[in-house]
Amino acid sequence: MSLDPQAALQATRALPGIPRDANGPVFREPWEAQAFAMALALHARGLFTWNEWAATLADEIKGAQAAGDADTGETYYRHWLATLEKLIAAKGVATPETQHRYRDAWDRAADRTPHGSPIELKPEDFTT
């Protein structure tokens, strides 16, 4: 999934808490950029507004802090991903159960895939 630079710039303006430098958002790991890009794509398709996103993300971060998250910035995109999952479920795109089913299937596929090879989901990945 590629990152639309214009959409990324709009998101950093709408959501000032995004970790960034002078060139835009910064990511510690590739999955963080992918989660960011998925949120941008779903926002562009009208699934949620940035105000709705910001409120849901703020609730997620507050809940994590209440549960002991030190809020050092290292968990920011974990909260981002949890927010994305909550909004996807709330909007009826995929239930939490469906999300867990795909996450489990992905884990099974990743376990059998040699390092450096593309991970491919197969029907048997969806059986328990």
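R103 - would you say it is open to solvent by 30 Å² or more (accessible area, probe 1.4 Å) and closer than 21 Å to A11 by Cβ? Judged against the criteria, R103 is not a match.
Within region 53-82, the set of residues being among the acidic types (D, E) and assigned to a loop (DSSP other than H, G, I, E, B) comprises D69, D71, E74.
Scanning region 62-92 for residues that are surrounded by 14 or more Cβ atoms within 10 Å (Cβ to Cβ) and of a type in the set (V, I, T) yields T75, T83, I88. In region 66-82, the residues that are within 22 Å of H100 (Cα to Cα) form Cβ pairs under 9 Å with partners that are open to solvent by 40 Å² or more (accessible area, probe 1.4 Å) and of a type in the set (A, V, I, L, M, F, W, C), at six or more places apart or across chains, as follows: Y77/F27; Y77/W31; L81/W31; L81/M38.
The values are calculated or read from the model by the stated rules, or taken from the named source; none is laboratory data. Bear in mind that the values here come from a model prediction, so they are computed numbers and not experimental data. Heads up, the Cβs are rebuilt from the backbone with ideal geometry, glycines too, and the neighbour counts pull from every protein chain shown. Areas reflect the complete protein model, heavy atoms only, side chains present, ligands, DNA and RNA absent. Shrake-Rupley method; radii C 1.70, N 1.55, O 1.52, S 1.80 Å.
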